[in-house]
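The values are calculated or read from the model by the stated rules, or taken from the named source; none is laboratory data. Given the structure is predicted, the values throughout are model-derived calculations rather than measurements. Using ideal geometry, Cβ is built from the backbone for each residue, glycine included, and neighbour counts are taken over all protein chains shown. We work out accessible area using only protein heavy atoms, side chains counted, and drop any ligands, DNA or RNA first. Shrake-Rupley method; radii C 1.70, N 1.55, O 1.52, S 1.80 Å.
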Amino acid sequence: MSINYDFADLEVFLTVKETGSFHLAAQRLNISQSAISRRIQKLETALGSVLFERTTRSVKPTLAAKRLQPRAEAILDDAEETARAMRDESVAFSHQRGLVVTVASIPTVIAGLIPTALRQFRADGFSSRIRILDFAANEVSEAVAQGEADFGLCSIPKLEPNTEFETLFEDPMVLAMPGGHSLGKREAVTWQDIATDQLILPARGTGNRLLIDEALASARETLRWSFEVERSTTALALVAGGSGLALLPLSAMLNQEDRRMIWRPLAAPNVSRSVGLLTRTGQSYSPESTALQKAIRGAAHLKL
(Lines give C-alpha, C1' and ligand atoms only; values in the text may rest on other atoms or scores of the structure.)
Protein backbone atom coordinates (compact mmCIF):
# COMPACT_ATOMS: atom_id res chain seq x y z
CA MET A 1 0.00 0.00 0.00
CA SER A 2 1.36 3.39 -1.03
CA ILE A 3 1.20 6.27 1.50
CA ASN A 4 0.41 9.41 -0.50
CA TYR A 5 0.31 11.97 2.31
CA ASP A 6 2.86 13.33 4.75
CA PHE A 7 3.17 14.93 8.19
CA ALA A 8 2.53 18.42 6.80
CA ASP A 9 -0.80 17.26 5.34
CA LEU A 10 -1.85 15.92 8.75
CA GLU A 11 -0.76 19.12 10.46
CA VAL A 12 -2.86 21.18 8.04
CA PHE A 13 -5.85 18.88 8.60
CA LEU A 14 -5.65 19.23 12.40
CA THR A 15 -5.28 23.01 12.19
CA VAL A 16 -8.33 23.35 9.91
CA LYS A 17 -10.38 21.15 12.20
CA GLU A 18 -9.32 23.13 15.27
CA THR A 19 -9.90 26.60 13.75
CA GLY A 20 -12.94 25.62 11.65
CA SER A 21 -11.59 27.80 8.85
CA PHE A 22 -9.22 27.45 5.90
CA HIS A 23 -8.42 31.16 6.25
CA LEU A 24 -7.52 30.95 9.97
CA ALA A 25 -5.52 27.78 9.39
CA ALA A 26 -3.51 29.55 6.69
CA GLN A 27 -2.77 32.44 9.05
CA ARG A 28 -1.71 30.15 11.88
CA LEU A 29 0.58 28.03 9.67
CA ASN A 30 1.84 31.05 7.74
CA ILE A 31 1.05 29.57 4.32
CA SER A 32 -1.45 30.55 1.63
CA GLN A 33 -5.10 29.54 1.78
CA SER A 34 -4.74 27.84 -1.60
CA ALA A 35 -1.91 25.70 -0.15
CA ILE A 36 -4.26 24.71 2.68
CA SER A 37 -6.89 23.67 0.17
CA ARG A 38 -4.42 21.64 -1.91
CA ARG A 39 -3.17 19.71 1.13
CA ILE A 40 -6.69 18.91 2.32
CA GLN A 41 -7.66 17.73 -1.17
CA LYS A 42 -4.49 15.61 -1.33
CA LEU A 43 -5.32 14.00 2.02
CA GLU A 44 -8.93 13.36 1.02
CA THR A 45 -7.79 11.72 -2.21
CA ALA A 46 -5.26 9.54 -0.40
CA LEU A 47 -7.81 8.42 2.21
CA GLY A 48 -10.75 8.15 -0.17
CA SER A 49 -12.93 10.21 2.19
CA VAL A 50 -14.32 13.73 2.38
CA LEU A 51 -12.99 15.39 5.51
CA PHE A 52 -14.78 18.74 5.50
CA GLU A 53 -18.14 19.99 4.25
CA ARG A 54 -17.38 23.40 2.83
CA THR A 55 -19.93 26.20 2.47
CA THR A 56 -19.47 29.91 1.95
CA ARG A 57 -20.01 30.42 5.67
CA SER A 58 -18.43 27.44 7.41
CA VAL A 59 -16.18 24.41 7.29
CA LYS A 60 -17.63 21.41 9.10
CA PRO A 61 -15.71 18.20 9.81
CA THR A 62 -17.25 14.98 8.58
CA LEU A 63 -17.43 11.71 10.47
CA ALA A 64 -14.29 10.62 8.62
CA ALA A 65 -12.50 13.73 9.92
CA LYS A 66 -13.57 12.96 13.48
CA ARG A 67 -12.23 9.42 13.11
CA LEU A 68 -8.98 10.64 11.58
CA GLN A 69 -8.25 13.24 14.27
CA PRO A 70 -6.94 10.92 17.07
CA ARG A 71 -4.88 8.93 14.59
CA ALA A 72 -3.36 12.06 13.05
CA GLU A 73 -2.55 13.44 16.49
CA ALA A 74 -0.88 10.16 17.48
CA ILE A 75 1.16 10.06 14.27
CA LEU A 76 2.43 13.62 14.74
CA ASP A 77 3.13 13.06 18.44
CA ASP A 78 5.19 9.96 17.60
CA ALA A 79 7.07 11.83 14.89
CA GLU A 80 7.88 14.69 17.25
CA GLU A 81 9.00 12.30 19.99
CA THR A 82 11.22 10.41 17.52
CA ALA A 83 12.83 13.62 16.29
CA ARG A 84 13.42 14.79 19.87
CA ALA A 85 14.95 11.45 20.86
CA MET A 86 17.25 11.46 17.83
CA ARG A 87 18.43 14.98 18.60
CA ASP A 88 19.03 14.13 22.24
CA GLU A 89 20.86 10.93 21.30
CA SER A 90 23.02 12.77 18.80
CA VAL A 91 23.98 15.33 21.42
CA ALA A 92 24.70 12.59 23.96
CA PHE A 93 26.94 10.67 21.57
CA SER A 94 28.74 13.85 20.59
CA HIS A 95 29.33 14.53 24.28
CA GLN A 96 30.61 11.02 24.82
CA ARG A 97 32.97 11.13 21.87
CA GLY A 98 34.60 14.22 23.27
CA LEU A 99 34.98 12.91 26.79
CA VAL A 100 35.68 9.18 26.47
CA VAL A 101 39.18 7.73 26.17
CA THR A 102 39.21 4.12 24.95
CA VAL A 103 42.11 1.88 25.95
CA ALA A 104 42.58 -1.67 24.64
CA SER A 105 44.66 -3.79 27.00
CA ILE A 106 45.80 -7.33 27.59
CA PRO A 107 44.13 -8.43 30.84
CA THR A 108 47.27 -9.34 32.82
CA VAL A 109 48.61 -5.77 32.99
CA ILE A 110 45.37 -3.96 33.79
CA ALA A 111 45.50 -4.39 37.57
CA GLY A 112 49.18 -3.44 37.77
CA LEU A 113 48.99 -0.27 35.66
CA ILE A 114 45.51 1.11 35.10
CA PRO A 115 44.35 1.89 38.69
CA THR A 116 47.62 3.68 39.50
CA ALA A 117 47.50 5.59 36.23
CA LEU A 118 43.86 6.58 36.77
CA ARG A 119 44.58 7.99 40.20
CA GLN A 120 47.25 10.22 38.69
CA PHE A 121 44.98 11.08 35.75
CA ARG A 122 42.26 12.28 38.15
CA ALA A 123 44.81 14.09 40.32
CA ASP A 124 45.93 15.99 37.20
CA GLY A 125 42.40 17.35 36.86
CA PHE A 126 40.98 15.15 34.09
CA SER A 127 37.43 13.86 34.48
CA SER A 128 36.98 12.02 31.19
CA ARG A 129 35.31 8.64 31.22
CA ILE A 130 37.57 5.70 30.40
CA ARG A 131 36.47 2.72 28.32
CA ILE A 132 38.72 -0.34 28.74
CA LEU A 133 38.64 -3.09 26.13
CA ASP A 134 39.84 -6.35 27.70
CA PHE A 135 41.45 -8.06 24.68
CA ALA A 136 44.04 -10.63 23.70
CA ALA A 137 47.29 -9.19 22.32
CA ASN A 138 46.40 -9.57 18.64
CA GLU A 139 42.97 -8.03 19.28
CA VAL A 140 44.60 -5.06 21.04
CA SER A 141 46.77 -4.52 17.98
CA GLU A 142 43.77 -4.65 15.65
CA ALA A 143 41.70 -2.32 17.85
CA VAL A 144 44.42 0.33 17.82
CA ALA A 145 45.17 -0.03 14.11
CA GLN A 146 41.50 0.25 13.15
CA GLY A 147 40.77 3.19 15.46
CA GLU A 148 38.48 1.25 17.78
CA ALA A 149 40.79 2.21 20.66
CA ASP A 150 42.73 5.44 21.18
CA PHE A 151 45.78 3.42 22.20
CA GLY A 152 46.64 0.04 23.68
CA LEU A 153 48.67 -1.86 26.24
CA CYS A 154 50.13 -4.84 24.47
CA SER A 155 52.78 -7.56 24.65
CA ILE A 156 53.31 -7.96 20.90
CA PRO A 157 55.54 -5.13 19.65
CA LYS A 158 54.07 -4.63 16.19
CA LEU A 159 51.54 -6.64 14.21
CA GLU A 160 49.96 -3.85 12.16
CA PRO A 161 51.97 -1.58 9.82
CA ASN A 162 50.31 1.64 11.03
CA THR A 163 51.15 1.20 14.72
CA GLU A 164 54.08 2.16 16.95
CA PHE A 165 55.23 0.26 20.05
CA GLU A 166 56.89 1.90 23.05
CA THR A 167 58.30 -0.58 25.59
CA LEU A 168 57.29 0.13 29.18
CA PHE A 169 58.78 -2.87 30.99
CA GLU A 170 59.89 -6.49 30.59
CA ASP A 171 57.55 -9.14 31.94
CA PRO A 172 59.24 -12.56 32.45
CA MET A 173 57.35 -15.85 32.32
CA VAL A 174 57.23 -17.62 35.69
CA LEU A 175 55.88 -20.87 37.08
CA ALA A 176 52.76 -20.60 39.26
CA MET A 177 52.18 -23.45 41.73
CA PRO A 178 50.25 -24.30 44.87
CA GLY A 179 51.92 -23.04 48.03
CA GLY A 180 52.99 -26.45 49.31
CA HIS A 181 54.54 -27.72 46.06
CA SER A 182 58.02 -29.19 46.30
CA LEU A 183 59.37 -26.88 43.59
CA GLY A 184 58.54 -23.97 45.85
CA LYS A 185 61.69 -24.76 47.83
CA ARG A 186 63.85 -23.77 44.87
CA GLU A 187 64.92 -20.26 43.97
CA ALA A 188 64.39 -20.95 40.26
CA VAL A 189 62.95 -23.76 38.20
CA THR A 190 64.26 -25.18 34.92
CA TRP A 191 62.09 -26.43 32.11
CA GLN A 192 63.43 -29.94 32.67
CA ASP A 193 62.13 -29.80 36.27
CA ILE A 194 58.54 -29.56 35.05
CA ALA A 195 58.68 -31.98 32.13
CA THR A 196 56.50 -34.57 33.90
CA ASP A 197 54.11 -32.22 35.74
CA GLN A 198 50.50 -31.44 34.91
CA LEU A 199 51.14 -28.20 33.00
CA ILE A 200 48.70 -25.41 32.25
CA LEU A 201 49.78 -23.47 29.16
CA PRO A 202 48.37 -20.45 27.33
CA ALA A 203 46.26 -21.49 24.34
CA ARG A 204 48.00 -21.89 21.03
CA GLY A 205 47.83 -18.68 19.01
CA THR A 206 48.08 -16.36 22.00
CA GLY A 207 51.06 -14.04 22.42
CA ASN A 208 52.24 -15.79 25.58
CA ARG A 209 52.13 -19.23 23.94
CA LEU A 210 54.08 -17.92 20.96
CA LEU A 211 56.85 -16.72 23.30
CA ILE A 212 57.00 -20.06 25.08
CA ASP A 213 57.02 -22.13 21.89
CA GLU A 214 59.75 -20.00 20.30
CA ALA A 215 61.96 -20.20 23.42
CA LEU A 216 61.57 -23.96 23.68
CA ALA A 217 62.27 -24.44 20.00
CA SER A 218 65.46 -22.39 20.28
CA ALA A 219 66.57 -24.42 23.31
CA ARG A 220 65.46 -27.70 21.69
CA GLU A 221 63.18 -28.40 24.61
CA THR A 222 59.66 -29.83 24.54
CA LEU A 223 56.77 -29.68 26.99
CA ARG A 224 53.67 -31.81 27.22
CA TRP A 225 50.71 -29.77 28.41
CA SER A 226 47.67 -31.09 30.28
CA PHE A 227 45.51 -27.95 30.03
CA GLU A 228 45.29 -25.10 27.54
CA VAL A 229 43.49 -21.90 28.57
CA GLU A 230 42.73 -18.57 26.95
CA ARG A 231 43.00 -16.40 30.06
CA SER A 232 45.57 -16.14 32.84
CA THR A 233 42.72 -15.86 35.34
CA THR A 234 41.56 -19.33 34.27
CA ALA A 235 45.07 -20.72 34.69
CA LEU A 236 45.30 -19.23 38.18
CA ALA A 237 41.96 -20.76 39.14
CA LEU A 238 43.22 -24.19 38.07
CA VAL A 239 46.45 -23.74 40.01
CA ALA A 240 44.57 -22.64 43.12
CA GLY A 241 42.39 -25.74 42.80
CA GLY A 242 45.42 -28.03 42.62
CA SER A 243 44.95 -29.06 38.99
CA GLY A 244 48.48 -28.28 37.85
CA LEU A 245 51.31 -25.77 37.39
CA ALA A 246 50.89 -22.77 35.10
CA LEU A 247 53.32 -20.83 32.93
CA LEU A 248 52.29 -17.19 33.27
CA PRO A 249 53.66 -13.67 32.96
CA LEU A 250 55.00 -12.33 36.24
CA SER A 251 52.49 -9.46 36.08
CA ALA A 252 49.66 -11.98 36.39
CA MET A 253 51.14 -13.33 39.64
CA LEU A 254 51.96 -9.96 41.18
CA ASN A 255 48.36 -8.84 40.81
CA GLN A 256 46.71 -11.86 42.42
CA GLU A 257 46.13 -12.09 46.15
CA ASP A 258 45.43 -15.81 46.59
CA ARG A 259 47.80 -16.99 49.34
CA ARG A 260 47.40 -20.57 48.16
CA MET A 261 49.71 -19.86 45.22
CA ILE A 262 53.37 -19.00 44.85
CA TRP A 263 55.63 -18.51 41.88
CA ARG A 264 59.23 -19.15 40.92
CA PRO A 265 61.35 -17.83 38.05
CA LEU A 266 61.89 -20.07 35.04
CA ALA A 267 65.45 -20.51 33.80
CA ALA A 268 67.31 -22.24 30.99
CA PRO A 269 65.90 -20.73 28.89
CA ASN A 270 64.55 -17.48 30.31
CA VAL A 271 61.41 -16.24 28.57
CA SER A 272 60.21 -12.66 28.76
CA ARG A 273 57.75 -10.46 26.94
CA SER A 274 57.91 -6.71 26.36
CA VAL A 275 54.86 -4.82 27.56
CA GLY A 276 54.31 -1.41 26.05
CA LEU A 277 52.09 1.33 24.69
CA LEU A 278 50.70 0.73 21.23
CA THR A 279 49.68 3.83 19.26
CA ARG A 280 48.71 4.65 15.68
CA THR A 281 51.35 6.17 13.45
CA GLY A 282 50.74 9.90 12.90
CA GLN A 283 47.69 10.00 15.19
CA SER A 284 46.86 13.31 16.88
CA TYR A 285 45.68 12.62 20.41
CA SER A 286 43.34 14.62 22.61
CA PRO A 287 44.74 16.20 25.79
CA GLU A 288 42.83 13.55 27.77
CA SER A 289 44.33 10.65 25.83
CA THR A 290 47.81 12.17 26.01
CA ALA A 291 47.48 12.67 29.77
CA LEU A 292 46.36 9.08 30.33
CA GLN A 293 49.27 7.74 28.30
CA LYS A 294 51.62 9.84 30.43
CA ALA A 295 50.03 8.52 33.61
CA ILE A 296 50.45 4.93 32.38
CA ARG A 297 54.13 5.56 31.68
CA GLY A 298 54.48 6.82 35.23
CA ALA A 299 52.69 3.76 36.63
CA ALA A 300 54.99 1.50 34.63
CA HIS A 301 58.05 3.33 35.98
CA LEU A 302 56.86 2.60 39.52
CA LYS A 303 56.77 -1.11 38.68
CA LEU A 304 60.43 -1.18 37.70
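In nm, what is the difference between 0.36 nm times the number of residues separating ASN270 and ALA64 and their Cα-Cα distance?
Working: separation 206, 0.36 × 206 = 74.16 nm, distance 8.65 nm.
Between ASN270 and ALA64, full extension yields an extra 65.5 nm.
Taking only DSSP H segments of four or more residues, each worth -39500 (n - 2.57), what value at 222 nm results for the chain once the sum is divided by all its residues, to the nearest 500 deg cm²/dmol? Don't jump to the answer; show the numbers that get you there.
Details: 10 runs with 140 residues, N = 304.
Rounded to the nearest 500, the figure is -15000 deg cm²/dmol.
With viscosity set to 1.002 mPa s and temperature to 20 °C, compute the Stokes-Einstein D of the chain, Rh being the Kirkwood radius across alpha carbon pairs; µm²/s, no decimals. Could the numbers behind the result be given before it?
Details: Rh = 24.8 Å.
Here the translational diffusion coefficient equals 87 µm²/s.
Based on the Cβ-Cβ distance from ARG71 to ASP134, what FRET efficiency comes out when R0 is 45 Å, to the nearest 0.05? Each step should come with its number before you reach the end.
Numbers: r = 50 Å, r/R0 = 1.10.
Efficiency computed from Cβ-Cβ geometry: 0.35.
Relative to the longest principal Cα axis of the chain, at what angle does helix 63-99 sit, 0 to 90 degrees, rounded to 10?
Once rounded, the angle reads 30 degrees.
How many percent of DSSP beta bridges within the range 161-304 run antiparallel, rounded to 5? Write out the running numbers ahead of the final one.
Details: 18 of 25 bridges.
The antiparallel fraction comes to roughly 70 percent.
Just to check I understand the Karplus step: with θ = phi - 60° and J = 6.51 cos²θ - 1.76 cosθ + 1.60, what whole-Hz values come out for the range 162-167, glycine and proline as x?
After applying 6.51 cos²θ - 1.76 cosθ + 1.60, I find 9, 10, 10, 10, 10, 5 Hz.
Which one of THR196, THR279, THR55 has the biggest mean-square fluctuation once the chain is modelled by GNM with Cα springs under 10 Å?
Of the options given, THR55 has the highest mean-square fluctuation.
For the range 252-260, in order, what is each residue's ³J(HN,Hα) by Karplus, 6.51 cos²θ - 1.76 cosθ + 1.60 with θ = phi - 60°, in whole Hz (x at glycine and Pro)?
5, 7, 5, 9, 9, 10, 6, 6, 6
Could you sort THR116, THR56, THR82 by their accessible area in this structure, using a 1.4 Å probe and putting the largest first?
Values: THR116 45, THR56 145, THR82 80 Å².
From most accessible down to least: THR56, THR82, THR116.
Which percent, nearest 5, of DSSP beta bridges in the chain are antiparallel? Write down the numbers at each step before the final one.
Numbers: 24 of 40 bridges.
Of those bridges, close to 60 percent are antiparallel.
Considering only protein heavy atoms, what is the solvent-accessible area of HIS301 at a probe of 1.4 Å, reported in Å² to the nearest 10?
Using a 1.4 Å probe on the heavy atoms, I get roughly 130 Å².
Loop sites only, by DSSP: take the trypsin sites (Lys or Arg not before Pro) in the chain that have at most 15 other C-beta atoms within 10 Å and name the longest stretch containing none of them.
Working: sites that count: ARG57, LYS158, ARG186, ARG204, ARG220, ARG224, ARG259, ARG260.
Value returned for the longest uninterrupted segment is 58-157.
Please report, as a whole percent, how much of the solvent-accessible surface of the chain comes from carbon and sulfur atoms (probe radius 1.4 Å). Present the calculation step by step, with values, prior to reporting the outcome.
On the way: 8540 of 16870 Å².
Answer for the chain: carbon and sulfur cover 51 percent of the accessible area.
Hey, which aspartates and glutamates would be in cross-link range of LYS60, C-alpha to C-alpha under 12 Å, not counting anything within fewer than 8 residues on its own chain?
The qualifying aspartates and glutamates are GLU18.
Given a Förster radius of 41 Å and the C-beta distance between SER32 and ALA85 as r, what FRET efficiency does 1/(1 + (r/R0)^6) yield to the nearest 0.05?
Details: r = 33 Å, r/R0 = 0.81.
Computed FRET efficiency for SER32 and ALA85: 0.80.
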